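Reviewing the structure listed below.
The values are calculated or read from the model by the stated rules, or taken from the named source; none is laboratory data. These numbers were taken from a predicted model, which means no experiment stands behind them. Counting neighbours? That spans all protein chains shown, and the Cβs are built from the backbone with ideal geometry, glycine included.
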Amino acid sequence: MDIPYTVKPRPDTGLYNAKIGMWLFLASEVMLFGGLFSAYIFLRVGAPAGTWPHGWLNVTLGTINTVILALSAITTLLAWVALKLNQFPRYKVFHALTILLALTFLGIKSYEYRDKFLHFEVQLKDGRIADGHMVENKRDADHIVLHGHYVENRAELMDGHTKGKEHTELKIPRADIKRMQNYGPAHNNFLGIYFCLTILHALHILGGVLVIAYIWGPGSKMWFTDPERYTNRVEVSGLFWHFVDLVWIFLFPVLYLT
Amino acid sequence: MHATTQTMPHDPAHSAHHEAPGFWRSYIFSIDHKIIGIQYAITALAFLLFGFSLMAMMRWQIAHPGQSVPVVGPLLATLFGDVAAKGVMSADLYNTFGAMHGTIMVFLAVVPLLTGAFGNYLVPIQVGACDMAFPRLNMLSYQFYFVGGIIMFSSFFIPGGAAQSGWTSYPPLSLIVPTDGQTYWLLGMVFLITSSLLGSANIITTIIQLRAPGMTWLRLPFFTWAQFVASFLLLLAFPPLEAAGVMQLMDKVTGSSLFLPTGLAVGGKVAEVAGGGSPVLWQHLFWFLAHPEVYVLILPALGIVAEVIANNTRKPIWGYKSLVFASLALGFVSFIVWAHHMYLTGMGTTIATFFQTTTMIISIPSVIILTCLLISLWGGSIRFNTPMLFALAFLPMFGIGGLTGLPLGFSASDLHLHDTYYVIGHFHYVVAPGTIFGLFAGIYFWYPKLTGRFMNEFWGRVHFWGSLIFMNVVFMPMFAQGLAGMLRRMSDGGINYSKAQVGLEGALSPTIMELNHVILWGAVGLGLSQIPFILNLFWSIKHGEKIPNDNPWDATTLEWQTETPPYVYNFRREPIVYRGPYEYSVPGCDKDFLPQNQPDQPTSKP
């Protein structure tokens, strides 16, 4: 006995099982990211005065990534349309594009993470702060080399839009360093929630691209045995993909533009 | 989801030629919802016993602080070493047991029993489906649950032991306790949340899509309705806790300070964290789940009780539609009451007023449901058997639990009662003699469907009366202790606190302290009362009284209209539903029940 409505929609609901399942899953995903966005608001509103940074992220890269995800949403839709029109080769092209765009997104995202992990704030014993990207940090050397600048006050670092001084190579003796920390999640709460939100989002992208790659690659044999069911799979994976894109549409302004 | 649909979509003969699957496919990696339901039941019952035994040891420590735990003391000393030296439970071990008792009971025992075991086994049959909508996800859901359980259980044996910060895991405490137990707890929770997500989406889809012909929404048995609402609560309320869990994991693993405030001092020194985080944020996200979770705990139990009461009063449930709409209302309102757990966070009177109002509003649908069940008894010719006894005892016990919640819902009285034993008494009345009695009723009621034999009636009654008496001996004194001001989570049962306060206002009287001994012996009696149940459960599989036919209770719902135990696809022919779920004692019929799949005029079949 086979489970009914796995492929054909049930007449009174107008939906097949997997579509309902996906919508329910997305409802719970809305609550997941809803919880995280609420946490973002809560943390930002409650942050002690002068501790919430602005302009720390690269808007250009963020914009490029936004465009990439928007394009991937279009190719996902066109892939499904191609199957509906019975044009399997066209489908293969569009879904390949989706996969490539998603991987590009993840590549750019990793580059942004790397940039943050190499960016250091070094508190010196004389009260000054050196801020910049690590050039040289050998364990046995008695100094580190930073490409950045000195500031007198930590507050000067809070606004990334106004880059004050020229960046130069700074050679700092280890003996002068009081505390050194990179711009990882532990640096402050903006970065904490930034990493939390974007890592979770990136994991969704990764999960989505694995599923789409399976459907596109080994799973595509089903097109020749059960095309309707295969088209449904593409549709449902597309629903998920559009949701992940939508989350980014919210993440981009909230994290990059404020 | 069958593999057959891919290869031979239009071969009706194919399904008849399935090779008999081997042991592993049939029992361990089964995709049959009935087997998965039984897997859930066995695992969750084991966790229920384990969670209870943690509590029993804690009750000894509370009544006799600093004395070696009898019977299991040497075992504790061997297993846990220093924290249980000479079999004495240290404060650290007490905290571990307390945190894990709550976690195990809620997330590994009661909810998996209600939705995983009962929901899985019964919902597809009650709606007349051949299986769940997504059988493989169903299997995956159990596996996630199992792995989550293993992670939680194994955390007892890591250096430093399991989580120690209560089942609520409030930061900053949960983040500064120097053990990896909290990390295990968070990982375990992520698995359990994923499991419940897959399970609830599956149950909802099954109810929406796989109802048999004629099974309209208002012909669904109330049990299925309760599962439907509870699944929506799990689906939508759990993700914010998952978000919070991921954030706490970030704090724990990457050293971020999302939940750690500025200027946090640990052990007299300012902690080396960035600060600026918010501990109250965790409480909001936690209770956003944990309050709806209360209704996840209670709704399916109400569903079980409704089925048992309708069947044993031999009359329709009074106010079936009121029950359905009241549970829907309960589901909606349960999302906007969470902060009544947080009056002490200093939220201000405006917000407190909002949450007090919603809390009072939510008592209305709860009372409607309980009243419907109570009125259903009126004028019935009640059959007293073990399931019915448990269902009947459920009503007043749940009533006590619900009514004692009202003083906690008002911020004025909650300020005094917050974090006292009164709270413990209140929610245990809802969950232990409430929900767990519902579960017992369900186990005795549906056992014949699974095994073809009744559970022993005499030992069932011994189990019932023992449980009923000792549940009250355990939980009733807690109200008195709480009103007197005894705080929860004190590993010495409040004796040191009380000594320090001698002669002052707020000191606990010897009578109040003496109640700790009463509760201890109540807990021992409660444990002993479960022995007949455990033996009965296994003994009756082979030796119980055989059922006379497939419908031994003369019930109306679809699970009783198929063979015993049900055929692998539940029904040989897809059932057609002609009537509502509770057509008992319909005037003018020769039998006192009309099954849902019985046509109006059985003589004029086309």
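Observations
- When B:Leu558, B:Leu594, B:Leu526 are checked against the criterion of being away from chain A (no Cβ under 14 Å) and out of contact with any Ser or Thr (no Cβ under 9 Å at 6 or more places or on another chain), B:Leu558 stands alone in meeting it.
- Single residue of the range B:17-58 satisfying the filter (assigned to a loop (DSSP other than H, G, I, E, B) and free of Cβ contacts under 8 Å to residues at least 12 places away in the same chain) that is surrounded by the most Cβ atoms within 10 Å (Cβ to Cβ): B:Pro21
- Only listed residue being touching a residue at least 60 places away in the same chain (Cβ under 8 Å), loosely packed, with under 14 Cβ neighbours inside 10 Å and assigned by TED's automatic domain parsing to the domain that holds A:Phe243, chosen from A:Lys109, A:Lys84: A:Lys84
- Restricting B:Leu218, B:Leu197, B:Leu122, B:Leu192 to those that are within 26 Å of B:Tyr567 (Cα to Cα), of a type in the set (A, V, I, L, M) and either in a helix (DSSP H, G or I) or not assigned by TED's automatic domain parsing to the domain that holds B:Ala99 (or both) reduces the list to B:Leu122.
- Under the condition of being touching a Leu at 6+ places or on another chain (Cβ under 6 Å) and under 18 Å from B:Lys34 (Cβ atoms), the residues counted in the range B:194-211 number 2.
- Test: residue in the range A:166-187 that is in contact with a helix residue (DSSP H, G or I) (Cβ under 7 Å, 6 or more places away or on another chain), within 14 Å of another protein chain (Cβ to nearest Cβ), aromatic (Phe, Trp, Tyr) and within 18 Å of A:Pro53 (Cα to Cα): yes
- Any hit, the range B:156-176, residues being at pLDDT below 95, under 19 Å from B:Ala244 (Cα atoms) and out of contact with any helix residue (DSSP H, G or I) (no Cβ under 8 Å at 6 or more places or on another chain): yes
- Residue match in the range B:216-227 (condition: within 20 Å of A:Asn182 (Cα to Cα) and in contact (Cβ under 8 Å) with a residue 60 or more places away in the chain): no
- When the range A:1-29 is limited to residues that are at the interface with chain B (Cβ under 7 Å from one of its Cβ atoms) and under 25 Å from B:Tyr567 (Cβ atoms), the one that is farthest from the chain's Cα centre (by Cα) turns out to be A:Met1.
- Residues of the range A:188-200 that turn out to be of a type outside the set (A, V, I, L, M, F, W, C), within 7 Å of chain B (Cβ to nearest Cβ) and touching a helix residue (DSSP H, G or I) at 6+ places or on another chain (Cβ under 8 Å), as a count: 2
- Filter result for B:Lys546 (within 29 Å of the chain's Cα centre (by Cα), over 22 Å from B:Met58 (Cα atoms), loosely packed, with under 14 Cβ neighbours inside 10 Å and away from every other protein chain (no Cβ under 14 Å)): no
- Test: residue in the range B:72-88 that is buried (at least 21 other Cβ atoms within 10 Å of the Cβ), at pLDDT below 95, touching a helix residue (DSSP H, G or I) at 6+ places or on another chain (Cβ under 6 Å) and part of a helix (DSSP H, G or I): yes
- For the range B:190-242, the tally of residues that are over 19 Å from A:Glu29 (Cβ atoms) and of a type in the set (D, E, K, R) stands at 2.
- Taken together, the residues in the range A:31-47 that are hydrophobic (A, V, I, L, M, F, W, C) and more than 8 Å from every other protein chain (Cβ to nearest Cβ) amount to 3.
- The range B:119-159, residues that are within 14 Å of chain A (Cβ to nearest Cβ) and touching a strand residue (DSSP E or B) at 6+ places or on another chain (Cβ under 6 Å): B:Ile125, B:Cys130
- Of all residues in the range B:190-248 being within 12 Å of chain A (Cβ to nearest Cβ) and among the charged types (D, E, K, R), the one that is farthest from the chain's Cα centre (by Cα): B:Arg211
- Qualifying position, being in contact (Cβ under 8 Å) with a residue 12 or more places away in the chain, outside the structural domain of B:Thr562 (by TED's automatic domain parsing) and touching a Leu at 6+ places or on another chain (Cβ under 6 Å), among B:Leu450, B:Leu439, B:Leu406: B:Leu439
- Any strands (runs of 3 or more DSSP E) falling wholly within the range A:134-227 and containing at least 1 residues that are surrounded by fewer than 16 Cβ atoms within 10 Å (Cβ to Cβ), of a type in the set (Lys, Arg) and without any contact (Cβ under 8 Å) to a residue 40 or more places away in the chain: A:168-173
- Take the conditions (1) polar (S, T, N, Q); (2) outside the structural domain of A:Phe243 (by TED's automatic domain parsing); (3) modelled with pLDDT under 95; (4) buried (at least 16 other Cβ atoms within 10 Å of the Cβ); A:Thr13 misses just one of them, which is (4).
- The range A:201-237: number of residues that are away from chain B (no Cβ under 12 Å) and over 22 Å from A:Leu24 (Cα atoms): 6
- Selected residue (criterion: farthest from B:Val110 (Cα to Cα)) from residues of the range B:261-282 that are surrounded by fewer than 22 Cβ atoms within 10 Å (Cβ to Cβ) and touching a residue at least 40 places away in the same chain (Cβ under 8 Å): B:Ala271
- When B:Leu289, B:Leu258, B:Leu302 are checked against the criterion of being surrounded by 22 or more Cβ atoms within 10 Å (Cβ to Cβ) and more than 11 Å from chain A (Cβ to nearest Cβ), B:Leu302 stands alone in meeting it.
- Residue in the range A:238-248 that is farther than 18 Å from A:Phe33 by Cβ and of a type in the set (Asp, Glu) present: no
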